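The values are calculated or read from the model by the stated rules, or taken from the named source; none is laboratory data. Everything numeric in this text was worked out from a predicted model, so none of it was measured. Positions of Cβ are backbone-derived with ideal geometry, glycine not excepted, and every protein chain shown enters the neighbour counts.
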Amino acid sequence: MSSSNFFKHLTLTSSYGFSILSRRFIHPPLTLLFTNIYPKRQPLIPTKISLRFSNCYTSVTEPQSSTLLSPYLSVRIRCRNDIADMFSEALMCFGASSTTVGELDNGDTSDEICIESIFPELEDVDVCISQAADSIGLKEIPSYEVKAGEQYDWIKKTQESFDPIEVTKGLWIVPEWKTPPDVQATNIILNPGLAFGTGEHPTTRLCLLLLQRLIKGGEHFLDYGTGSGILAIAALKFGASLSVGVDIDPIAITSARQNAALNNIGPEKLQLHLVSGNTSSPLIDEHKYVEKQTSCEKVVESEQEKYDVVIANILLNPLLELADDIISHAKPGAAIGLSGILSEQLPYIMDRYSPLLDDISVSEMDDWACLSGRKKTILTGG
Amino acid sequence: MSTLKEILTRRPVAATIRLTVPAGGARPAPPVGPALGQYRLNLMAFCKDFNARTQKYKPDTPMAVTITAFKDNTFEFTVKSPSVTWYLKKAAGIESGSSRPGHVIATTLSVRHIYEIAKIKQSDPYCQYMSLESICKSITGTANTMGIKVVKDLD
């Protein structure tokens with residue numbers, strides 16, 4: 001039924017970038033796309049993927065549809081200009097995961113506008129659209145076409161937009177495919193992929209500036225929630241003797257490993273560990289990672305009180321929950337940095353960490369804050 | 001809506017994107033990935049920003065996000081708390097409203113539930129000017145259209 005709709009609207013006449021989609025539609029099947037775009041990487045294992053520590057408290061049995069490679073339906077609807085907004089809101093109520101309404105260019109005087117909508121794979125698009133049209137009083141159902149969603153186009157697109165960034169004087173973050181503007185400066189070469197940490201975000205910058213102040217040479221550094229590995233690599237470039245990065249997201253670890261190789265840093269200087277997302281026991285669901293995790297957990301556990309500098313750039317809730325774990329890895333008197341928090345969330349962090357840290361200072365950029373302190377040499381009450 | 005006009009005159013808008021994302025669970029996967037990637041927006045920045053701002057909600061609560069993408073690949077977004085119907089369904093523990101609202105009653109809720117929902121909704125940017133009483137009235141109205149009866153006390 002959906003194929004008949006597609007044939008009706010084969011000729012796409014809209015402007016602004018959707019022409020790329022029309023070309024893609026006659027593209028080879030998904031698997032070929034996948035191998036074309038990432039010739040160097042090993043295939044992504046479609047297990048439960050988590051971003052940073054946001055998964056700490058969701059149940060282990062997450063639905064498969066939330067993984068990175070999940071298929072989705074992309075629907076393009078043509079409707080009248082004046083009802084576009086109402087219609088997209090109605091679509092959201094009736095099952096669309098997202099709707100995008102493009103803005104008209106000034107020269108375009110046509111009455112119709114396109115709504116790009118994304119639906120989960122098993123959703124009944126026809127029912128949803130007719131219900132939405134009904135609810136706002138449209139007499140007829142607007143014309144639309146349904147396509148299977150393109151898996152990797154959007155990843156490539158976001159990567160294309162990275163430019164070299166100067167975080168501070170003498171420190172540049174350069175994407176892999178660009179040349180460093182200043183060859184003399186400290187250049188960190190990155191291929192961020194899908195892990196967090198490109199140097200653009202205020203929290204990454206705050207942490208990099210903090211790192212620059214803290215690292216004098218020869219320290220052991222722990223990057224708690226390493227993402228793309230940017231902080232761990234930066235620490236080594238500033239002069240630390242050893243960097244360790246931990247994360248609960250397997251994509252982050254893969255990404256960090258690649259970035260280390262790009263900067264010619266070997267595994268003995270930058271160690272990476274994948275740890276379980278649950279704060280207590282290792283995950284039972286991820287069979288593939290159980291062995292790796294139990295051995296990694298032991299490694300990380302035995303590394304209590306080994307680090308001179310610990311930085312955790314994650315989110316408010318994980319920072320509060322994992323406070324004891326983060327602090328336990330640092331030597332007494334070691335420097336701790338915490339970020340990924342909004343300035344308005346600072347009071348909670350202060351409450352949680354003031355019994356654990358001395359010399360607390362806060363730096364802020366835009367709406368984001370970074371808290372740094374020294375681990376108390378004598379912890380009262382643990 | 002007046003602030004949106006200001007934005008429109010300041011920077012050229014490329015698109016308006018509406019999404020439903022679980023609180024604290026924004027990932028560069030569908031639907032966030034394709035919708036934002038289309039306009040070359042910084043996926044990671046959005047995910048981090050969104051996750052940080054929704055930390056105070058229970059994880060996986062579906063939040064309605066409206067993103068305004070500008071032609072220079074920057075963006076702004078506002079986050080709205082979940083719809084009243086979602087809260088009502090959750091409070092009553094039912095999957096969907098009554099099939100014949102007005103005739104068939106799906107379930108009942110107490111005024112205490114309505115009050116709690118109204119308190120959450122009050123922090124929504126669009127409801128701040130309303131008194132708690134009027135928010136409660138509007139929620140009760142929505143409940144009636146779903147076939148949920150509101151009683152003073154649940155036995």
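Number of residues in region A:227-262 that are more than 19 Å from residue A:205 (Cα to Cα), in contact with a Leu (Cβ under 8 Å, 6 or more places away or on another chain) and assigned to a loop (DSSP other than H, G, I, E, B) equals 2.
Within region A:322-367, the residues that satisfy the criterion of being acidic (Asp, Glu) and not in a strand (DSSP E or B) are A:324, A:325, A:344, A:351, A:366, A:367.
Yes/no matrix, rows are residues, columns are (1) in contact (Cβ under 8 Å) with a residue 12 or more places away in the chain; (2) outside the structural domain of residue B:15 (by TED's automatic domain parsing); (3) assigned to a loop (DSSP other than H, G, I, E, B):
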| site | (1), (2), (3) |
| --- | --- |
| B:47 | yes, no, no |
| B:52 | no, no, no |
| B:64 | yes, no, no |
| B:68 | yes, no, no |
| B:72 | yes, no, yes |
| B:94 | yes, yes, yes |
| B:102 | yes, yes, yes |
| B:121 | yes, yes, no |
| B:142 | yes, yes, no |
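The set of residues in region A:97-143 that are under 22 Å from residue B:69 (Cβ atoms) and at pLDDT 80 or above comprises A:97, A:98, A:99, A:100, A:101, A:113, A:114, A:115, A:116, A:117, A:118, A:119.
Residues in region A:341-362 that are closer than 24 Å to residue A:216 by Cα and crowded, with 17+ Cβ neighbours inside 10 Å: 2 in all.
For every residue, the table says whether it meets (1) touching a Ser or Thr at 6+ places or on another chain (Cβ under 6 Å); (2) facing chain A (nearest Cβ under 7 Å); (3) closer than 20 Å to residue A:91 by Cα; (4) at pLDDT 80 or above.
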| site | (1), (2), (3), (4) |
| --- | --- |
| B:27 | no, yes, no, yes |
| B:32 | no, no, yes, yes |
| B:41 | no, no, no, yes |
| B:46 | no, no, no, yes |
| B:49 | no, no, no, yes |
| B:57 | no, no, no, yes |
| B:62 | yes, no, yes, yes |
| B:67 | no, no, yes, yes |
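Number of residues in region B:98-119 that are under 18 Å from the mean Cα position of the chain (by Cα) and surrounded by fewer than 16 Cβ atoms within 10 Å (Cβ to Cβ) equals 3. When restricted to residues that are of a type in the set (Gly, Ala, Ser) and touching a Ser or Thr at 6+ places or on another chain (Cβ under 8 Å), region A:303-340 contains 6. Residue check: is residue B:49 within 20 Å of residue B:29 (Cβ to Cβ) and under 13 Å from the mean Cα position of the chain (by Cα)? In short, no.
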